[in-house]
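Notes follow once the structure below has been shown.
The values are calculated or read from the model by the stated rules, or taken from the named source; none is laboratory data. Everything quoted here is computed from the prediction, not taken from an experiment. Cβ coordinates were reconstructed from backbone atoms using ideal geometry, including for glycine residues, and neighbour counts include every protein chain displayed. Keep in mind that these areas ignore ligands, DNA and RNA; they rest on the heavy atoms of the full protein, side chains included. Shrake-Rupley method; radii C 1.70, N 1.55, O 1.52, S 1.80 Å.
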Amino acid sequence: MTHREVVACFPHIANYAYAFKYLFENGFEVKYLIPPPITKNTLELGSKYSPDYVCVPFKYCMGCYLEALDLGANCLMQIYGGCRLNYYGELNDCILHDMGYKFEFFDMAAVDWHSPKSIFENFRIINPEMSIAKIVKAAPVTLKIIKMLDKFEDFIRHNVGFEVNDGEFDRTYKEFLKKLENLSDGKELKKLGKTYWKKLNGIKLNKPAKTIKVGFIGDYYTVQEPFSNYFMEKELAKFGMEVYRQMNLTSTLINKEHRKSQKTAKKYAKFNLGATANCTVAEAIKFAKEGCAGIIQVKSFGCTPEIDAMPILQNVSRDFNIPVLHFSFDSQTSETGIKTRLEAFYDMVEARSGK
Amino acid sequence: MKIGIPRALLYYKNEKFWTTFFDEIGAEYIVSPETNKEILTRGENISIDETCLPTKLLLGHIDWLIDKCDYIFIPRVAFHRGYEMCTKFLAQTDLVCNTFRDRNIKTLFYNVYDKKYNRERKAVKKMGKFLGVKRSRIKYAYTTAKQAQQYFEMFREQHQQKVLEESGKIKILLVAHAYNVGDKYVGEPVLGTLKSLGCEPIIAEYMNEAKCIRASLEVSKTMPWAYNRHLLGAIELLKDEVDGVILLTTFPCGTDSMVNELIVRKYKELPIITLTVDSQDGTAGMETRLESFVDIIQLKKERA
């Protein structure tokens with residue numbers, strides 16, 4: 001018997017909150033709070049209570065948690081990964097507890113994934129009475145939602161720059177997300193997916209036969225969360241470019257692309273460089289081979305694996321004769337500076353592809 | 001065949017181990033000199049701006065070595081005592097190969113890639129085989145080298161323990177990675193200033209590693225990095241014996257940026273100062289901060 005109502009919450013990353021919401025409401029049977037969308041305020045709030053030169057995703061997480069706690073979340077969750085991300089959870093927990101908030105913290109880094117007992121005990125933090133049968137039933141649908149989100153977003157990325165009526169893709173996608181929030185089962189998802197896939201395909205386009213393609217690579221958080229890269233994909237689309245991106249939950253969680261990536265990047269990096277660095281290199285090579293006109297790398301300031309990948313990217317750039325633009329985001333990055341650099345990049349790419 | 005060892009990063013952790021090993025197998029080697037202005041400037045010019053200072057220094061040292069030897073020894077170490085390492089140590093071999101691609105450098109293969117306890121021995125074996133040394137010779141050299149490193153660390157720790165017990169001066173714990181404490185550019189100015197202020201610097205790095213890592217488990221459950229656990233454990237063990245703590249980091253150190261925050265939060269009763277070193281010159285700012293820090297500790301001591 002639970003005496004309190006559990007409201008669980010992950011920090012924001014792209015639109016995956018809708019998938020997690022389904023998993024937690026139908027699988028774990030707890031309430032899931034979709035944290036409010038990231039704004040400048042979130043980042044300011046997060047930076048205020050974070051160490052100075054920690055990477056920016058930490059600050060975003062911190063801001064998200066603080067906003068969610070004010071809205072009544074009482075079970076915060078954090079994932080783990082191959083870099084500093086492994087230590088996010090404990091420090092988040094420590095700082096928030098020092099600030100006087102009361103909540104449970106589920107830290108995936110603390111789980112020993114080789115021992116079923118440890119996994120079970122840790123997941124019981126979320127709901128002590130969880131039923132494994134229900135989680136197993138909800139998991140495939142969650143994966144399907146993730147796949148669908150990625151498929152839709154990929155389609156939008158390729159086409160949004162060429163829509164006839166401005167903002168149509170955006171409107172349709174937002175409508176879809178709203179319907180996704182109150183999803184009841186897998187059947188409904190299938191139906192919803194079909195209708196909106198048709199709707200997206202039906203949007204009028206003015207797409208020339210030959211477009212300028214750009215590859216979009218970078219560290220796990222910055223490349224996926226549109227706010228943290230200052231909506232760069234949209235900016236690129238405004239210039240009339242087709243944006244290609246491989247990094248998303250489908251490719252890492254379901255298709256396990258990162259295992260193949262080490263092989264692709266072998267010529268440049270013999271070993272695992274840590275976190276997503278090998279993926280970054282492999283994607284750059286892939287995009288270069290597929291005929292992209294340029295590559296943009298985004299990362300948070302001080303992201304160690306991505307910094308190590310930078311000299312390698314420069315070599316890739318030289319070998320394949322493809323321009324690579326590096327962006328580094330901190331909590332204080334000026335938008336105009338980014339726009340100017342993007343404009344220059346576009347001019348160069350256009351001139352190169354024209355000749 | 002001549003092997004070049006850069007005096008940077010892991011060299012400060014394994015100095016005696018490596019030099020003894022190469023001596024025993026009869027390989028010729030040179031170690032790059034202490035960091036100087038020229039090496040630093042070279043390293044800065046070659047590397048990406050955002051890279052941390054120790055890596056810049058590593059590139060500088062390698063640049064110095066390149067034409068003076070046949071092979072350069074850049075080990076890749078992913079795990080240490082069952083804990084992770086900073087991603088810099090995973091990537092340094094590839095980083096160096098890519099940075100100096102046009103200059104045709106050859107590296108010695110040395111890779112500790114998983115948590116198994118004998119992975120280091122296997123890595124050494126592989127390297128020895130590549131150098132064309134007999135297996136029995138490698139085995140002997142490895143054991144001797146390991147012992148040399150152990151005794152070196154043991155004597156260092158015993159000496160420090162003696163100082164800790166006998167010295168009547170203000171004792172200040174210097175918490176910094178081995179490659180920061182030992183470096184002439186990063187650690188030495190701080191140590192010199194502390195000594196000239198009449199303090200006794202106690203170096204966290206000199207404490208026994210296994211003991212420290214065990215102690216650190218009480219403070220942090222999920223901290224993934226072996227070297228940071230070592231330092232954290234040293235603070236935990238010495239917190240009652242020292243008067244103040246200096247956290248010396250280089251800009252922008254990935255692991256320290258988070259661990260320092262935890263240390264400041266966990267040890268609220270200890271006077272702690274954070275010093276960040278980057279590649280800019282001038283130690284006047286650091287000296288002033290240290291002076292005032294020592295003054296505060298002295299005042300606190302007099303009042304108690």
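Some points to look at:
- Candidates A:ASP330, A:ASP319, A:ASP308, A:ASP347 - the one that is among the charged types (D, E, K, R), surrounded by 15 or more Cβ atoms within 10 Å (Cβ to Cβ) and out of contact with any Pro (no Cβ under 6 Å at 6 or more places or on another chain): A:ASP308
- B:GLU218 open to solvent by 10 Å² or more (accessible area, probe 1.4 Å) and more than 14 Å from chain A (Cβ to nearest Cβ): no
- Screening B:ASN118 with (1) loosely packed, with under 14 Cβ neighbours inside 10 Å; (2) in contact with a helix residue (DSSP H, G or I) (Cβ under 9 Å, 6 or more places away or on another chain) gives one miss only, at (2).
- Scanning the range A:59-72 for residues that are touching a residue at least 40 places away in the same chain (Cβ under 8 Å), touching a helix residue (DSSP H, G or I) at 6+ places or on another chain (Cβ under 8 Å) and of a type in the set (A, V, I, L, M, F, W, C) gives A:CYS61, A:CYS64.
- If the condition is being among the charged types (D, E, K, R) and open to solvent by 30 Å² or more (accessible area, probe 1.4 Å), then the range A:288-305 contributes A:LYS289, A:GLU290.
- Pairs where the first residue, in the range B:89-104, is more than 7 Å from chain A (Cβ to nearest Cβ) and the second is open to solvent by 10 Å² or more (accessible area, probe 1.4 Å) and part of a helix (DSSP H, G or I), C-beta under 7 Å, 6+ apart: B:PHE100/B:ILE66; B:ARG103/B:ILE66
- Residue check for B:LEU174: modelled with pLDDT of 90 or more, closer than 26 Å to B:SER257 by Cβ, of a type in the set (A, V, I, L, M) and open to solvent by less than 20 Å² (accessible area, probe 1.4 Å): yes
- Qualifying position, being over 25 Å from A:LEU91 (Cα atoms), outside the structural domain of B:LEU9 (by TED's automatic domain parsing) and not in a strand (DSSP E or B), among B:VAL259, B:VAL219, B:VAL264, B:VAL190: B:VAL190
- Residue match in the range B:55-64 (condition: touching a residue at least 60 places away in the same chain (Cβ under 8 Å), within 13 Å of chain A (Cβ to nearest Cβ) and either open to solvent by 30 Å² or more (accessible area, probe 1.4 Å) or not small (Gly, Ala, Ser) (or both)): yes
- Identity of the residue in the range A:330-352, at pLDDT below 90 and acidic (Asp, Glu), that ends up farthest from the chain's Cα centre (by Cα): A:GLU350
- For A:PHE152, the test of being buried (at least 19 other Cβ atoms within 10 Å of the Cβ), over 26 Å from A:ASN92 (Cβ atoms) and out of contact with any helix residue (DSSP H, G or I) (no Cβ under 6 Å at 6 or more places or on another chain) is passed.
- B:ASP102 falls short of the stated requirement of being at pLDDT 90 or above, of a type in the set (Asp, Glu) and open to solvent by 10 Å² or more (accessible area, probe 1.4 Å).
- Test for B:ILE213: is it part of a strand (DSSP E or B) and of a type in the set (A, V, I, L, M): no
- Of all residues in the range B:106-137 being part of a loop (DSSP other than H, G, I, E, B) and among the charged types (D, E, K, R), the one that is farthest from the chain's Cα centre (by Cα): B:LYS134
- Qualifying residue in the range B:237-253 (condition: within 14 Å of another protein chain (Cβ to nearest Cβ), in contact (Cβ under 8 Å) with a residue 12 or more places away in the chain, open to solvent by less than 40 Å² (accessible area, probe 1.4 Å) and not in a strand (DSSP E or B)): yes
- Each residue in the range B:138-187 was checked for being closer than 15 Å to B:GLU205 by Cβ and not in a helix (DSSP H, G or I), and 9 of them qualify.
- Restricted to the range A:108-129, and to residues there that are under 21 Å from A:LEU71 (Cβ atoms) and open to solvent by less than 30 Å² (accessible area, probe 1.4 Å), the residue that is nearest to the other protein chains (Cβ to nearest Cβ) is A:ILE126.
- Residues in the range B:31-45 that are touching a residue at least 24 places away in the same chain (Cβ under 8 Å) and buried (at least 16 other Cβ atoms within 10 Å of the Cβ) were compared, and the one that is nearest to the other protein chains (Cβ to nearest Cβ) is B:GLU44.
- Qualifying residue in the range A:195-206 (condition: within 26 Å of A:ASP347 (Cα to Cα), in a strand (DSSP E or B) and more than 18 Å from the chain's Cα centre (by Cα)): yes
- Residue match in the range A:200-207 (condition: open to solvent by less than 30 Å² (accessible area, probe 1.4 Å), more than 23 Å from A:TYR60 (Cα to Cα), in contact with a Gly (Cβ under 7 Å, 6 or more places away or on another chain) and touching a residue at least 12 places away in the same chain (Cβ under 8 Å)): no
- Of the listed requirements (1) within 20 Å of A:GLU29 (Cβ to Cβ); (2) open to solvent by 10 Å² or more (accessible area, probe 1.4 Å), A:ILE145 misses just one: (2).
- B:LYS129, sole failed condition from (1) in contact with a Gly (Cβ under 9 Å, 6 or more places away or on another chain); (2) at pLDDT 90 or above: (1)
- Residue match in the range A:99-107 (condition: in contact (Cβ under 8 Å) with a residue 12 or more places away in the chain and among the hydroxyl-bearing types (Ser, Thr, Tyr)): yes
- Verdict on B:GLU28 being over 22 Å from A:GLU306 (Cα atoms) and either more than 13 Å from every other protein chain (Cβ to nearest Cβ) or open to solvent by less than 20 Å² (accessible area, probe 1.4 Å) (or both): yes
- Among residues of the range A:288-340 being part of a loop (DSSP other than H, G, I, E, B) and closer than 19 Å to B:CYS86 by Cα, the one that is nearest to the other protein chains (Cβ to nearest Cβ) is A:GLY302.
- Helices (runs of 4 or more DSSP H) contained entirely in the range B:33-105, each with at least 1 residues that are over 21 Å from A:CYS83 (Cβ atoms) and acidic (Asp, Glu): B:37-46, B:53-65
Every residue, every condition in (1) over 20 Å from A:ASN86 (Cα atoms); (2) out of contact with any Phe, Trp or Tyr (no Cβ under 8 Å at 6 or more places or on another chain), yes or no:
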site: A:ILE34; (1), (2): yes, no
site: A:LYS40; (1), (2): yes, yes
site: A:LYS48; (1), (2): yes, yes
site: A:GLY63; (1), (2): no, yes
site: A:GLY72; (1), (2): yes, yes
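- Per the listing A:ILE285, A:ILE217, the residue uniquely outside any helix (DSSP H, G or I), of a type in the set (Val, Ile, Thr) and open to solvent by less than 10 Å² (accessible area, probe 1.4 Å) is A:ILE217.
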